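In what follows, a single structure is set out as structure tokens and then discussed.
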Amino acid sequence: MDAVVELLWTGSYGSTTIDQICEKAGVKKGSFYYFFDSKCTLAVAALDAGFQKKREEMDSLFSPTIPPLERIRKHCELSYQHQVKLKEKFGHVLGCPLFTLGSEVCTQDQKLRAKVQEMLDYHGKYFESAIRDAHSEGLIDAPDAAAKARMIGALYEGLLTQARIQNDPEVLRELAGGIFSLLGVKEPAPV
């Protein structure tokens, strides 16, 4: 599963073959077909497995015990650091694996599109809870936390995509400031 995620993220869904996946994972093609009937089935399973790991990190990062605006600021910082590490490892900023895969397959494979959408929606719920908490504490005026979370998601994905295209993680330095501006936070959010 790690092999398919890396190949899809560093390359593309369309160009990644089952032979490449098997080679990267060190398994025989017959073993692949014993567990998965297609590349799509493996990709969905790999996204689920990866999200289970990511969920623990997000649960900790967005814990209600952390002030709501600090949750968001910290997420921005960790996103930047993660992309810097990816560039060091692969030579490229990779952006968001969900958005990269989703934008490629959304018109071709409804099962993968639905899985990506499910995960992006779940990710948005973390921001929605932080926004709702910040609103209830009087830190921001955001009575429609879901709408603000969607706007933040668009900004987040847009900047990650720009960082990938420009191959420059420094683009993500604008993330916290942009989010805080959307939320109407008056003090800057240094990252």
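Quick look at the values:
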| quantity | calculated |
| --- | --- |
| All positions within the stretch 45-63 that are under 11 Å from Met1 (Cβ atoms) and either buried (at least 16 other Cβ atoms within 10 Å of the Cβ) or among the acidic types (Asp, Glu) (or both) | Ala46, Leu47, Asp48, Gly50 |
| Condition check for Gly184: within 19 Å of Glu77 (Cα to Cα) and not aromatic (Phe, Trp, Tyr) | no |
| Hits in the stretch 125-150 - residues which are within 19 Å of the chain's Cα centre (by Cα) and crowded, with 18+ Cβ neighbours inside 10 Å | Tyr126, Phe127, Glu128, Ala130, Ile131, Lys148, Ala149 |
| Extreme residue, surrounded by the most Cβ atoms within 10 Å (Cβ to Cβ), among residues of the stretch 1-44 that are touching a residue at least 60 places away in the same chain (Cβ under 8 Å) and in a loop (DSSP other than H, G, I, E, B) | Tyr13 |
| Filtered residue count, the stretch 88-97, keeping only those that are within 11 Å of the chain's Cα centre (by Cα) and part of a loop (DSSP other than H, G, I, E, B) | 3 |
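Matching residues to (1) of a type in the set (A, V, I, L, M); (2) modelled with pLDDT of 95 or more; (3) assigned to a helix (DSSP H, G or I):
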{"position": "Phe99", "(1), (2), (3)": "no, no, yes"}
{"position": "Gln108", "(1), (2), (3)": "no, no, no"}
{"position": "Lys115", "(1), (2), (3)": "no, no, yes"}
{"position": "Leu120", "(1), (2), (3)": "yes, no, yes"}
{"position": "Ala134", "(1), (2), (3)": "yes, yes, yes"}
{"position": "Lys148", "(1), (2), (3)": "no, yes, yes"}
{"position": "Ile152", "(1), (2), (3)": "yes, yes, yes"}
{"position": "Lys186", "(1), (2), (3)": "no, no, no"}
{"position": "Ala189", "(1), (2), (3)": "yes, no, no"}
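The values are calculated or read from the model by the stated rules, or taken from the named source; none is laboratory data. Remember, predicted model here, so these are calculated numbers, not experimental data. We place every Cβ from the backbone using ideal geometry, glycine too, and count neighbours over all the protein chains shown.
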